[in-house]
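Step one of this worksheet: look at the structure below.
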Amino acid sequence: MSKPLCLTLLFCMVLNGIYCQLTIKGKVIDATTNQPIAGVTVLSLSSRSNTITDNNGSFALNAGSKQDSIRLSSIGYNSRQLAASGSGLFISLTPSFANLSEIVVSGSREAQKRTELPVAVNVISKTTINETKATRLDMLINKVPGAYMVDLGNEQHEMSVRQPMGTKNLFLYLEDGIPIRTTGDFNHNALIEINQASMERIEVIKGPASSLYGSEAVGGAINFITQSPSPFLSGKIQAEAGSRGYKRTDFGISNTFKKVGFFVGGYYANQNQPDDQHNDFKKTALTVRADYAFNDKLKFSTVADYIKYKTDQKGGLDGSHFYNKDYISFYRFTYRKVDAFRLRSTLYKDWSDNNKSTFTLYYRNSTIGQNPFYSISNISTNPLKAKGQINEDGFKSYGTVLQHTIKLPSINAKLISGASVDFSPATYIAQFIEVDRDANKVYYNYTAKDSSLTNYNVDLLNTAVFSQFEYKPTDRLKLVVAARYDRLDYTFDNHLLPGAFTGAPDATDHFDHFTPKVGVTYNLAKNKGAYINYSVGFAPPNITDLYRGVQVPVLKASSYNNYEAGGWVSFAANKGYAEVSLYKLDGENEIVSVRGADGSYQNQNAGKTSHKGIEANIKYAPFEDISIRLAGSYARHKYVDYIEQGKDYSGHQMAQAPPFIYNGELTYKPKYFKGFRIALELQGMNTYFTDPQNTATYKGFNTFNARVGYTLKGFEMWANCINVTDKIFATVVEKNAFGTSYRPGQLRTLNVGLAYNFRNQ
């Protein structure tokens with residue numbers, strides 16, 4: 001064979017090899033959130049070449065031929081294999097049920113694996129949100145071990161996380177790391193101001209998180225993560241209706257055009273029930289998000305939330321009406337309404353591989369107006385008359401948070417530091433009303449009087465600096481040291497003459513606190529690990545507790561020392577995992593709500609309290625189509641040093657503090673019936689004291705919920721049955737000088753819905 005012919009054949013073989021080789025380009029996304037997944041391994045099964053997706057989920061891989069297949073795998077996701085084909089692919093991965101490697105941002109204000117955090121943190125995923133089809137947030141929060149969100153009707157609520165059920169300012173509610181309300185103006189119904197249709201996931205930190213987020217993050221911090229823009233056109237529209245008058249419509253749409261991405265989502269819900277139940281409500285919620293990527297190193301994001309809400313205030317029931325399922329309301333005009341608007345913009349800047357900053361500006365405007373049932377008291381001289389009030393609590397906030405992160409690769413460490421300023425002028429107005437009462441003890445009408453009970457404004461200024469140092473001396477060991485200093489300044493201006501009802505004289509007060517945290521995590525082999533931490537939390541008194549209805553402000557800030565240990569393990573070939581945490585939380589100057597002889601409530605410093613407990617969470621999928629989840633906690637909450645109205649309750653158990661709280665769920669998704677799911681859920685608690693005297697108890701409850709759904713080509717149908725057995729139960733029971741009040745849980749209710757989800761990829 002001649003030399004020219006050999007060269008020609010060799011050239012043709014090279015051209016043929018180049019021609020046959022296929023470059024596959026694409027982006028890997030989460031199947032439930034439509035968000036990019038970084039760090040996914042993409043393997044060519046023919047050539048055995050591989051690559052890893054970048055921070056945007058993108059990859060480029062040289063495959064062996066057009067007939068090649070690729071396999072994608074990532075920790076926390078089910079692996080997937082598919083035929084190789086061209087470029088511009090969007091490949092979705094489904095999160096695995098037993099996932100110890102979930103990414104959270106709440107533990108350090110930055111994305112990291114939750115197994116690297118020396119705290120108890122749980123994630124309510126987008127999959128759980130989608131499949132639960134919750135009409136209230138408590139249906140999601142109560143899946144977290146150690147957390148119990150008390151349903152007070154129509155999205156009204158109390159909270160219990162390492163604390164008794166109550167209304168105290170010991171829980172911090174965040175949206176994308178920013179508190180949804182200002183410090184010093186806590187409201188236990190604050191989660192009414194959350195748009196359930198905009199949530200990508202929920203992260204729940206249990207125990208003090210004050211070293212990062214400041215005051216009120218004592219029992220826990222709940223961070224609602226807003227849905228990020230989808231890389232392609234996607235959205236949904238859905239409608240549902242319930243057997244007890246509940247109706248709701250949701251919508252969402254998202255897309256990205258080159259450098260600009262957006263998300264718009266919201267819902268409208270209302271409920272109509274008979275007049276004697278006084279239990280109607282309506283809510284409009286809307287979220288708009290826009291992201292702009294200047295380049296790979298600079299990004300700008302803006303989120304706006306709008307909430308408009310009004311509900312009848314039903315109140316509690318006495319034992320006779322409660323146990324006879326006679327859920328009438330003795331109040332026929334009481335209400336609560338909320339108008340809230342939040343706007344925040346964040347600039348993300350990567351200066352280098354080891355330096356990055358975020359700068360956030362935010363504005364909040366929130367007003368809560370009400371004619372509260374709990375402020376109505378009888379007039380002893382006339383059984384057909386009573387008195388009450390109409391009040392309005394509002395604030396505006398102007399704030400900023402600056403944070404900078406420095407990586408120190410030479411010592412395998414990281415330093416996160418920042419500062420925040422929040423200025424929030426707040427107002428409170430209360431007007432006296434005369435109430436009419438009939439012979440059946442129903443408060444049916446009121447007349448507003450030209451008499452102001454309260455009229456003041458307070459300028460709230462919260463300044464803080466914080467820092468967190470993370471050090472990994474080995475691949476398995478990690479040390480976290482954090483600290484924060486807060487100063488809160490209250491400037492109180494009373495527009496009325498000071499008095500027992502009108503409030504304290506003009507005053508200037510301040511509270512400051514240093515809150516440290518030290519934690520260690522250690523990862524053992526085969527997906528096992530443990531952590532310990534010591535942390536401090538604090539909570540200043542609310543402005544209404546400090547100045548309203550008192551002659552002289554006397555409350556002190558509450559402080560808490562938390563000692564905690566926990567661990568996690570994956571088992572059964574990663575088909576399941578278990579996690580457990582033990583804690584001891586000691587409170588000093590804890591503020592407790594006390595009802596006086598005249599029926600009014602007042603907060604007092606309670607001396608010392610003790611909170612001890614254990615929390616556990618187990619997930620297991622014994623078969624591919626069956627999964628089991630068990631979550632529960634055991635806790636003891638007691639007064640160590642507590643005197644109320646001259647009576648010493650030291651050593652007593654705290655009221656509204658059930659020792660056992662549990663939630664479990666069995667889910668079946670048959671392989672032979674793709675798109676179908678059915679789940680049975682248990683929610684319950686055991687006996688607890690209903691008064692601080694420990695003279696009365698409530699036996700607790702067990703309720704069952706059933707959920708079934710089917711998805712086909714973008715259409716989704718579902719039916720949820722809440723309280724399947726039609727159990728008579730109370731979400732919270734309280735005994736006071738006027739008797740025992742039961743807040744009835746939802747009787748058997750059937751909700752059905754239909755949705756259409758679309759995605760253009």
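The values are calculated or read from the model by the stated rules, or taken from the named source; none is laboratory data. Since this is a predicted model, take the numbers as computed values, not measurements. So basically every Cβ, Gly included, is an ideal-geometry build from the backbone, and we count neighbours across all protein chains shown.
Annotations
- There is no residue in the range 467-476 that is assigned to a strand (DSSP E or B), of a type in the set (F, W, Y), modelled with pLDDT of 90 or more and exposed (fewer than 15 other Cβ atoms within 10 Å of the Cβ).
- Boolean, N663 is closer than 20 Å to E579 by Cα, in contact with a Leu (Cβ under 7 Å, 6 or more places away or on another chain), touching a residue at least 12 places away in the same chain (Cβ under 8 Å) and assigned by TED's automatic domain parsing to the domain that holds A578: yes
- When the residues of the range 653-671 are filtered to those that are surrounded by fewer than 16 Cβ atoms within 10 Å (Cβ to Cβ) and assigned to a loop (DSSP other than H, G, I, E, B), the one that is farthest from the chain's Cα centre (by Cα) is K671.
- Selected residue (criterion: farthest from A430 (Cα to Cα)) from residues of the range 375-398 that are touching a residue at least 40 places away in the same chain (Cβ under 8 Å), out of contact with any Gly (no Cβ under 8 Å at 6 or more places or on another chain) and among the small types (G, A, S): S397
- Residue count for the range 488-544, restricted to those that are closer than 21 Å to Y577 by Cβ, crowded, with 21+ Cβ neighbours inside 10 Å and of a type in the set (D, E, K, R): 0.
- Here is the figure for the range 315-345: residues that are touching a residue at least 60 places away in the same chain (Cβ under 8 Å) and closer than 30 Å to G265 by Cα total 5.
- Of the strands (runs of 3 or more DSSP E) contained entirely in the range 81-197, those carrying at least 3 residues that are under 14 Å from the mean Cα position of the chain (by Cα) and not assigned by TED's automatic domain parsing to the domain that holds Q35 fall at 120-124, 147-153, 156-161, 171-175.
- The set of residues from the range 309-363 being over 30 Å from T226 (Cβ atoms) and surrounded by fewer than 16 Cβ atoms within 10 Å (Cβ to Cβ) comprises D318, G319, S320, Y323, N324, K325, D326.
- All strands (runs of 3 or more DSSP E) inside the range 214-266 with 3 or more residues being surrounded by fewer than 20 Cβ atoms within 10 Å (Cβ to Cβ): 233-242, 246-257
- Among the numbered conditions (1) touching a strand residue (DSSP E or B) at 6+ places or on another chain (Cβ under 7 Å); (2) among the charged types (D, E, K, R); (3) closer than 30 Å to K168 by Cα, the only one that R677 does not meet is (3).
- Qualifying strands (runs of 3 or more DSSP E) (wholly inside the range 288-396; at least 1 residues being in contact with a Ser or Thr (Cβ under 7 Å, 6 or more places away or on another chain), farther than 29 Å from A190 by Cα and not polar (S, T, N, Q)): 335-352, 355-371
- Scope the range 353-385; condition at pLDDT 95 or above, aliphatic (A, V, I, L, M) and under 23 Å from L152 (Cβ atoms); matching residues: I368
- Among the candidates L43, L100, L117, residue that is at pLDDT 85 or above and more than 30 Å from F701 (Cβ to Cβ): L117
- Of the numbered criteria (1) in a strand (DSSP E or B); (2) at pLDDT 80 or above, the one T32 fails is (1).
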